[in-house]
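Participant: Before I ask anything, let me first share the structure, which is written out below as structure tokens.
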Amino acid sequence: MKLITLHHGVFFVAVATLCGCSPSAAPPIVFPSDVQISAALEAQFAGDRHSAAARELIRTLGGDKGKLRYQIHQVIYRQGAYEARYDAVLVMGQPGLQSLQALYASMIPEAERTKLPQASLEVYEGWLKEQAQALKKTSAPQAAALEKTLELLGNCYRDQQAGAEVIVMQGLGALISPERNGLYAEKLALPDTTARCLPA
């Protein structure tokens with residue numbers, strides 16, 4: 001009887017090996033969905049006290065109805081957590097011309113802005129271009145940076161309509177960890193992260 005039991009045990013192990021399974025095999029890895037990862041990233045951005053200026057900038061560029069959408073490219077399992085690689089996309093809640101006017105207004109000191117003949121994109125943009133010209137006499141690098149910023153922002157937003165999507169950050173990363181109430185996101189510093197369509 002002992003011999004029969006041994007043979008049955010050997011048979012069971014052999015079958016398990018052929019099936020590629022084992023009584024002690026780890027359960028399969030279940031990856032979170034893009035929706036779940038995006039929700040964790042949204043919660044992190046909304047609650048991070050260091051992101052207050054970034055949230056205000058997104059409101060300026062996107063309008064009150066604008067929002068960020070996270071385009072997930074890759075999710076890597078990291079021993080109980082997940083590393084997500086993604087881009088941040090601004091969904092425009094207003095026309096791009098309105099966004100540029102609001103942004104350029106914020107770039108002009110209030111004391112100078114109140115002296116301008118009218119509150120319009122053309123006037124604000126003209127004032128900033130004049131500043132760039134004036135800076136060439138004292139700080140050529142600052143002048144070049146301002147001119148480059150104005151050109152970049154104009155190309156990004158001038159022709160955009162409400163509902164359009166603009167990539168504002170590429171190559172972002174975050175560690176997504178399970179917590180009691182769902183998933184928790186922690187931003188990762190990655191060397192290939194680049195800003196697009198944002199003021200310098």
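Participant: Considering Cα pairs under 8 angstrom that are at least six residues apart, work out the relative contact order of the range 152-200 and quote it in whole percent. Write out the running numbers ahead of the final one.
Facilitator: Values: 51 pairs, mean separation 21.0, N = 49.
Relative contact order, the range 152-200: 43 percent.
Participant: I would also like to ask the following. Would you list which lysines come within 21 Å of LYS129, measuring only between C-alpha atoms, while excluding same-chain residues fewer than 8 positions from it?
Facilitator: LYS115, LYS137, LYS148
Participant: Now for a separate question. Report the Cα-based extents of the chain along its three principal axes, largest first, to the nearest Å.
Facilitator: Dimensions of the chain along the principal axes of its Cα atoms: 103, 34, 30 Å.
Participant: Return SER33, SER51 ranked ascending by Cβ neighbour count within 10 Å, so the fewest neighbours appear first. Walk me through the numbers on the way to the answer.
Facilitator: Details: SER33 11, SER51 15.
Going from sparsest to densest Cβ surroundings: SER33, SER51.
Participant: Between MET92, TYR157, TYR77, whose Cα lies farthest towards the positive end of the dipole of the chain when Lys and Arg beta carbons carry +1 and Asp and Glu beta carbons carry -1, centred on the Cα centre?
Facilitator: TYR77
Participant: Return one number: the angle in degrees, 0 to 90 and rounded to the nearest 10, between the long axis of the Cα atoms of helix 2-19 and the longest principal axis of the Cα atoms of the chain.
Facilitator: 30 degrees
Participant: Related question: With a ≥ b ≥ c taken as the square roots of the eigenvalues of the C-alpha gyration tensor of the range 97-157, please select rounded if a/c is under 1.5 and otherwise prolate if a/b is larger than b/c or oblate if it is not? Don't jump to the answer; show the numbers that get you there.
Facilitator: Numbers: a/c = 2.36, a/b = 1.22, b/c = 1.94.
Cα axes put the range 97-157 in the oblate bin.
Participant: Sequence neighbours fewer than 8 away in the same chain don't count; with that in mind, list the lysines whose C-alpha is under 25 Å from LYS67.
Facilitator: Result set, ordered by chain and number: LYS187.
Participant: Further, regarding this structure: Working from Cα positions, state the angle (0 to 90°, nearest 10) between the long axis of helix 121-135 and the longest principal axis of the chain.
Facilitator: It is inclined by approximately 80 degrees.
Participant: Moving on to the next point. Among all the aspartates and glutamates, which ones have a C-alpha under 18 Å from LYS136's C-alpha, if same-chain residues fewer than 8 places away are not counted?
Facilitator: GLU125, GLU147, GLU151
Bear in mind that the values in this text are calculations on the coordinates, not laboratory data. Since this is a predicted model, take the numbers as computed values, not measurements. Here the Cβ is made from the backbone with ideal geometry for all residues, glycine too, and neighbour counts use every protein chain on show.
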